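What follows is a set of notes on a single structure, which appears directly below.
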Amino acid sequence: MKKGKFLRAAIALTLTAALFAGCSSSSGSSSSGSTSSAAASSGSSAGKEAKDIVLAGIYKMGDATWFIQEGKASEEMAKKMGASKFLYIDAKQSGDTYMKALDNVITQKVDGVLVCTPDQNLSQVTVKKLTAANIPVIAVDDALQDESGTLLAPWVGIDAYNIGASAGEWIANYIKTNNLVNDSTCGIMYLTAETVSSCVPRTKGAQAKVKEIIPDFPANRTFSADYDTNTESGNKAANTIITAHPEIKKWMVIPVSDEGAAGAARAIEAAGLQKDSCCIGLGGYLAPGEFAKKTSPFKAAAYFSARDVGGTAAKEMMEYLTKGTAIKEKYAVSATIVTPTDDLKTIMPEYMS
């Protein structure tokens with residue numbers, strides 16, 4: 001190996017180790033300083049002046065409320081810390097669009113990238129390309145991981161299992177309080193997203209809590225269907241189950257997103273079953289609008305902050321780029337259950353404009 005190449009390799013290796021070293025916990029939400037995963041990129045910009053920094057955020061559904069709020073928070077935090085520009089990019093739920101966007105930000109030589117891939121099978125190619133370009137990356141919402149689930153880059157997202165558990169707890173208590181366990185016309189509907197790692201634990205947490213609180217709820221009145229986390233696919237999945245089970249008149253729906261709850265609510269309304277049915281959203285960003293609809297069965301939401309995710313990711317990236325501060329391997333945001341009677345302006349002001 002030539003001396004110049006050897007020196008560059010050694011510098012990259014040193015910076016890769018620094019990316020995860022010295023991790024510490026943050027108050028308010030759970031964080032982890034484990035160094036079990038490989039760093040996605042060495043990043044050659046540590047110590048750079050903030051005014052010269054350009055960050056990019058590539059989001060799988062850039063037109064969704066969640067990602068708009070997350071991207072806004074990232075941009076605000078980056079600029080507050082002195083960055084010159086934040087590029088917000090919508091991957092439009094397309095792998096091809098995402099890869100073009102990734103190649104484009106690499107060509108532009110941005111200093112750091114925040115990504116939520118439309119397909120987690122693109123994790124390794126994302127890491128490979130950014131590592132080759134010497135650009136650090138933080139995964140937001142959906143982790144960059146290998147086939148075994150090992151993280152390939154730092155991750156900022158939600159405490160998925162416990163958030164799912166909180167949604168399951170609310171629905172289970174609703175069922176119990178309204179004496180629906182032995183009501184043959186009541187059914188539980190889980191809308192799942194089995195190919196998205198950040199969503200699978202939400203369903204598992206919900207199912208575990210439901211079983212804990214109402215262990216005698218019949219399995220033959222429990223149903224599930226997979227969807228793509230958006231409103232349209234949630235509506236189709238819910239409608240399929242509702243149509244196939246006309247004996248169920250009171251649907252208790254636990255999806256993995258607010259869009260799933262909204263889609264299921266529309267399907268329930270179309271079937272004329274909204275009066276005695278109930279959906280709980282996960283996210284909370286669609287809750288104010290749904291709560292304002294007097295007949296909507298969307299009656300609660302597990303609110304977790306997109307702004308916390310976006311702001312934290314940008315802060316971690318900026319501190320790494322300007323100071324060389326190690327990026328935490330994991331940072332998980334918790335949730336709060338909200339209903340129409342809560343003070344939403346205080347709890348979730350970003351969605352109350």
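Structure summary
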{"read-out": "Qualifying residue in the range 122-138 (condition: surrounded by fewer than 24 Cβ atoms within 10 Å (Cβ to Cβ), in a strand (DSSP E or B) and in contact with a helix residue (DSSP H, G or I) (Cβ under 9 Å, 6 or more places away or on another chain))", "value": "no"}
{"read-out": "Qualifying residues in the range 176-209 (those that are surrounded by 15 or more Cβ atoms within 10 Å (Cβ to Cβ) and polar (S, T, N, Q)) - the one farthest from the chain's Cα centre (by Cα)", "value": "Q207"}
{"read-out": "Residue count for the range 143-158, restricted to those that are in contact (Cβ under 8 Å) with a residue 60 or more places away in the chain and surrounded by 21 or more Cβ atoms within 10 Å (Cβ to Cβ)", "value": "9"}
{"read-out": "Failed criterion for V256 (all others in (1) surrounded by 24 or more Cβ atoms within 10 Å (Cβ to Cβ); (2) under 24 Å from N220 (Cβ atoms); (3) touching a residue at least 40 places away in the same chain (Cβ under 8 Å); (4) more than 13 Å from the chain's Cα centre (by Cα) hold)", "value": "(4)"}
{"read-out": "Sole exception among (1) buried (at least 20 other Cβ atoms within 10 Å of the Cβ); (2) more than 20 Å from T185 (Cα to Cα) for A292, by number", "value": "(1)"}
{"read-out": "Top-ranked residue of the range 244-253 - restricted to ones that are surrounded by fewer than 17 Cβ atoms within 10 Å (Cβ to Cβ) and touching a residue at least 12 places away in the same chain (Cβ under 8 Å), ranked as farthest from T222 (Cα to Cα)", "value": "E247"}
{"read-out": "Any hit, the range 230-238, residues being over 25 Å from D343 (Cα atoms), of a type outside the set (A, V, I, L, M), part of a loop (DSSP other than H, G, I, E, B) and in contact with a Cys (Cβ under 8 Å, 6 or more places away or on another chain)", "value": "no"}
{"read-out": "Residue within the range 317-337 that is at pLDDT 95 or above, more than 29 Å from A78 (Cα to Cα) and either among the β-branched types (V, I, T) or in contact with a strand residue (DSSP E or B) (Cβ under 6 Å, 6 or more places away or on another chain) (or both) present", "value": "yes"}
{"read-out": "Test: residue in the range 272-295 that is in contact with a helix residue (DSSP H, G or I) (Cβ under 9 Å, 6 or more places away or on another chain), part of a strand (DSSP E or B), aliphatic (A, V, I, L, M) and under 24 Å from D343 (Cα atoms)", "value": "yes"}
{"read-out": "Filter result for the condition that a residue is touching a Leu at 6+ places or on another chain (Cβ under 6 Å), of a type in the set (A, V, I, L, M) and either closer than 25 Å to I241 by Cα or assigned to a loop (DSSP other than H, G, I, E, B) (or both), over A206, A172, A153", "value": "A153"}
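The values are calculated or read from the model by the stated rules, or taken from the named source; none is laboratory data. Here the structure is a predicted model, which is why all the values come from computation and not from measurement. Quick reminder, even Gly has a Cβ in these numbers, built from the backbone with ideal geometry, and neighbours come from all protein chains shown.
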